[in-house]
Amino acid sequence: LRGWIAHPTFSRSQTDLQYFYVNGRMVRDKLLAHAVKLAYHDVLFHGRHPAYVLNLELDPSRVDVNAHPAKYEVRFRDSRLVHDYVFRTVESALRETTPQAVQGTSTMPMGTTPHIAAGISASHPQRPMALGVSEQIARYAQLASAGEKPLPDTARNSDAGGVPPLGFALAQLHGIYVLSAAADGLVLVDMHAAHERITYERMKAAMASGHVISQPLLVPVNLQVSRAEAELAETVTGGLAELGFVIERRGPDSLSIREVPALLANEDHAQLLRDILADVATQGSSRRLDAALEHVMATRACHTSVRAHRELTSTEMNALLREMERTPRADQCNHGRPTWTRLSLQELDKLFLRGR
């Protein structure tokens, strides 16, 4: 999987800057578009769309290009594997939207699934590119159509004299923003948005490591399903149990929910299970339970993060900056808003007409 993905803050109101190629052929495939959209799910504003140019290469025998008269749609032999590969590869790259990545102190490798293709060349780690104008996207699409595979330029390293990417805190402005002196200018941080992302990522990391607290139900929830749905449920019971959602098959066409994640104690568990089975039936997998857990965690992260107008000490402000530099997706809060911005010395000089 090669190409460019736009920074989350460069989002669109429509899907006009999305170009996907399979073995060099441009396609408009719902499965591929869904995989990329899913990877962006907690770094974009609701209702906004990402911009990208991506080319997926795989064994031609694993894809049917004659699924549509105009050949815009394709059919994959291993659709679930392809969907998960694209989703996890793009999501992995988006983890690196951090202050460290902006300074070029870390690369943006996208992993590979050997069962699909040879994957990203290890000698050319891929990096999401903050696209400023739509013409860049169109240009990349033309290059992809021509079969060329240019790689994004490596970001310049502006780390000078051991100054951290977000610099050192100078002051707090109106109890909302942290002002920091960086190596190449002034950094402004929205302290609530930044702490919200830090808290949210800690919760997600705990969930990923298996630290999900489940709650046994006093009265199990029983529901009637089709035989096909019951058989489908048996294929995902292990994965659901890891997230605290324990189900059992009671008969040929019945299921029983025994335990649920404590975070989702007040949800409609029967409907959640039906939605999960519907996703698995149509897409081969489901992130419905993950998404429900993440929604609750995002809400709690917002409520427990440092609030506006709270005065922070210099030590607290610097601790926040250092934690941001270590946190995945720290450039955006859980709702897709930027957490920080930088004014370079050149931009400051321009504001004050220096050098004229």
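The values are calculated or read from the model by the stated rules, or taken from the named source; none is laboratory data. In this text the structure is predicted, and so the values were computed from the model without any measurement. Quick reminder, even Gly has a Cβ in these numbers, built from the backbone with ideal geometry, and neighbours come from all protein chains shown. Ligands, DNA and RNA are excluded from the accessible area calculation, which covers all protein heavy atoms including side chains. Shrake-Rupley method; radii C 1.70, N 1.55, O 1.52, S 1.80 Å.
List of remarks:
- Per residue, the convex hull spanned by the Cα atoms of the range 196-301 measures out at 91 cubic angstrom.
- Solvent exposure, largest accessible area first (probe 1.4 Å, DNA, RNA and ligands not counted), of H335, H83, H174: H174, H335, H83
- A DSSP coil position with no more than 15 other Cβ atoms inside 10 Å describes the following chymotrypsin sites (Phe, Trp or Tyr not before Pro) in the range 1-66: F45.
- Each Cα pair under 8 Å and six or more residues apart adds its separation to the average, and for the range 235-296 the resulting relative contact order is 24 percent.
- Computed E for S61/A205 - FRET, C-beta separation, R0 35 angstrom, nearest 0.05: 0.35
- For the residues I176, I276, a 1.4 Å probe over the protein chains yields an accessible-area ranking, largest first, of I176, I276.
- For K30, the aspartates and glutamates whose Cα falls under 13 Å of its own Cα, not counting residues fewer than eight places away in the same chain, are E73.
- Residues R95 and R249, FRET efficiency given R0 of 41 Å [Cβ-Cβ distance, rounded to 0.05]: 0.65
- Ligands, DNA and RNA excluded, the heavy atoms of D78 present near 50 Å² of accessible surface to a 1.4 Å solvent probe.
- Length-normalised contact order of the range 266-349 in % [C-alpha pairs under 8 Å, at least 6 apart]: 13 percent
- Accessible heavy-atom area order of R342, R356, highest first, probe of 1.4 Å: R356, R342
- Over the Cα atoms of the range 253-329, the radius of gyration divided by the Kirkwood radius equals 1.18; this is the Rg/Rh ratio.
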